[in-house]
1. Taking interchain pairs and intrachain pairs at least six residues apart, which have beta carbon atoms under 9 angstrom, with the first residue in region 251-264 and closer than 12 Å to Met275 by Cα and open to solvent by 50 Å² or more (accessible area, probe 1.4 Å) and the second in a loop (DSSP other than H, G, I, E, B) and aromatic (Phe, Trp, Tyr)?
2. Restricting attention to region 356-366, does a residue exist that is buried (at least 19 other Cβ atoms within 10 Å of the Cβ) and more than 21 Å from Ala135 (Cα to Cα)?
3. Give the number of residues within region 131-142 that are open to solvent by 10 Å² or more (accessible area, probe 1.4 Å) and either within 18 Å of Leu180 (Cα to Cα) or in contact with an Asp or Glu (Cβ under 6 Å, 6 or more places away or on another chain) (or both).
4. Of Asp248, Asp190, which residue is modelled with pLDDT under 85, in a helix (DSSP H, G or I) and open to solvent by 20 Å² or more (accessible area, probe 1.4 Å)?
5. Taking Glu182 as the residue in question, decide whether it is within 30 Å of Pro158 (Cβ to Cβ), open to solvent by 40 Å² or more (accessible area, probe 1.4 Å), out of contact with any strand residue (DSSP E or B) (no Cβ under 6 Å at 6 or more places or on another chain) and touching a residue at least 24 places away in the same chain (Cβ under 8 Å).
6. Show me the helices (runs of 4 or more DSSP H) entirely contained within region 286-399 in which 1 or more residues are within 20 Å of Gln165 (Cβ to Cβ).
7. Considering only residues that are modelled with pLDDT of 95 or more and either open to solvent by 10 Å² or more (accessible area, probe 1.4 Å) or more than 24 Å from the chain's Cα centre (by Cα) (or both), which ones fall in region 294-314?
8. List the pairs whose first member sits in region 465-487 and is more than 10 Å from Cys449 (Cα to Cα), whose second member is modelled with pLDDT under 95, and whose Cβ atoms are under 9 Å apart, counting only residues at least 6 apart or on separate chains?
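The values are calculated or read from the model by the stated rules, or taken from the named source; none is laboratory data. Being a predicted model, the structure only gives us computed values, none of them experimental. Glycine gets a Cβ as well: all are built from the backbone with ideal geometry, and neighbour counts include every protein chain shown. Quick note on the areas: whole protein, heavy atoms, side chains included, nothing else; ligands and nucleic acids left out. Shrake-Rupley method; radii C 1.70, N 1.55, O 1.52, S 1.80 Å.
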Amino acid sequence: MNANRHIHLQEEAARCLLCLDAPCSKACKNGDPARAIRAIRFGNEKLAGRWLDECTDEDLEAAENACIHYDLPIRLRQLVQALRTETQEAATAGEAAEAAATPSLAINFCGIRCENPFFLASSAICTNYEMVARAFDAGWAGVFYKTICLQEIHEVSPRFDAVQQQGQSDFFAFRNMEQLSENPTEMDFDILRRLKQDYPTKVVVASIMGQTEEQWIELAKMAEEAGVDAIELNFSCPQMRLAGMGSDVGQNPELVMFYTAYVKRSVSIPVIPKMTPNITQITQPAVAAYFANADAISAINTIKSVTMGDRARVSGHKTISGLSGRAVRPIALRHILEMAQSPMFSGTLGKTLELSGIGGIETWRDALEFIQLGCRNVQVCTAVMQYGYHIIDDLILGLQHYLAERGISELAEIVGEELPNFVSPTDLDRETIVYPKIDREKCIGCGRCYVSCMDGGHQAIRFDAAMRQPHLVGTKCVGCHLCRLVCPTGAIGTARRIPKK
């Protein structure tokens with residue numbers, strides 16, 4: 001794949017506003033440019049051409065003219081040219097995948113059949129019947145409904161903030177100050193009852209939060225009576241107004257054990273404690289949940305954080321609240337890995353806990369990372385808040401295509417497959433080295449590698465200013481690969497691994 005074309009595709013698609021009822025697609029008689037751009041945005045570059053293959057130059061010109069972008073219209077004709085070239089290069093793999101039978105994404109979680117692994121996370125994206133019904137109609141397999149409690153909830157305004165790159169509308173981190181459902185308790189359980197009645201093949205999970213033993217038991221029984229498939233115990237909300245709730249519980253393994261045990265003795269459906277990341281060792285409360293006979297663990301909730309802009313103010317004041325979005329994904333994966341590597345999840349202690357992964361999932365590749373670390377489903381929140389329920393199309397399409405390319409027929413085959421590749425830092429190979437390798441055809445002579453190596457690395461690159469070419473100084477290079485990470489064109493790759501001298 002040509003790196004420059006790939007970057008052009010991503011950069012051009014990233015400018016798209018993802019308009020509702022997109023004018024570009026309405027103006028295109030023989031294709032759907034908006035759908036193709038969405039496919040590129042959410043990791044399906046190889047498949048995006050199917051919505052543009054029949055487009056004529058006149059179609060694309062009309063679509064460009066109809067674009068309502070506030071700055072420069074999306075350059076669809078250039079994008080299509082790059083996309084078609086890239087598609088041709090990937091044709092062999094793509095044709096093989098298309099020829100294969102479409103893999104099933106169905107998977108069992110806590111003994112419950114899920115049509116795919118994609119669930120709505122307990123949050124603002126699922127607070128009433130109509131919202132969840134639209135998500136189910138769109139293709140989501142299930143919902144962890146917004147947390148229900150017995151307390152009266154009063155939310156602040158404004159309650160959201162975001163961390164964004166200047167000049168871009170997308171955010172890579174999202175601050176959320178919402179607490180729990182503001183609906184009357186009976187209303188929420190009636191909503192769950194109707195959802196399960198109207199969508200019997202979808203998975204409906206009630207998320208609950210109590211403040212005392214009696215409240216946890218009462219809510220759990222109400223959830224079971226409503227006919228839900230499982231119960232999530234919210235031990236992790238980071239911004240509760242009342243003490244003894246949310247992450248106050250999740251940071252205390254003893255309370256996690258007691259409340260989980262109380263609920264398990266009160267109901268017969270699966271019980272899923274939700275862990276907080278605001279703790280040094282997430283395995284400690286997870287162990288407590290295991291010995292309380294929990295069926296699964298969901299993780300993570302939002303990370304306590306501070307945002308500093310004016311938008312962070314509530315009536316002139318600022319506070320600590322929860323952060324989500326793609327910036328937190330590596331942290332979520334770390335917590336998932338630590339739990340998945342423990343005996344509770346490997347089956348060596350007998351009963352095996354299952355995992356539901358949460359944290360910064362936007363594309364099918366993001367979801368894949370959680371699945372490969374042992375999650376049997378994933379929950380999505382912030383991406384839906386930005387882009388809407390229809391991102392499920394690309395989540396499903398991309399994951400199916402990935403399985404087809406690998407010749408895998410069932411999703412369960414890849415659950416946890418990456419776990420054997422993880423070792424402790426003390427077990428890493430420290431006797432060999434991999435040097436960076438510069439591709440002169442891709443290098444444009446920007447000098448980014450030189451600047452980073454000189455000021456942030458080991459001064460192992462010299463730069464020929466006349467020719468505008470970087471050169472590796474092998475005697476100084478330690479193989480850190482900072483240069484490869486900062487290269488904007490993908491011109492720096494890797495040589496073979498060799499012993500250190």
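1. From region 251-264, the pairs are Gln251/Phe235; Asn252/Phe235.
2. Checking region 356-366: not a single residue is buried (at least 19 other Cβ atoms within 10 Å of the Cβ) and more than 21 Å from Ala135 (Cα to Cα).
3. Matching residues across region 131-142 total 1.
4. Answer to the selection: Asp248.
5. Taking the combined requirement at face value, the residue satisfies it.
6. Result: 329-340, 364-372, 382-387.
7. Ala294, Asp295
8. Cβ pairs passing all conditions: Gly479/Lys500.
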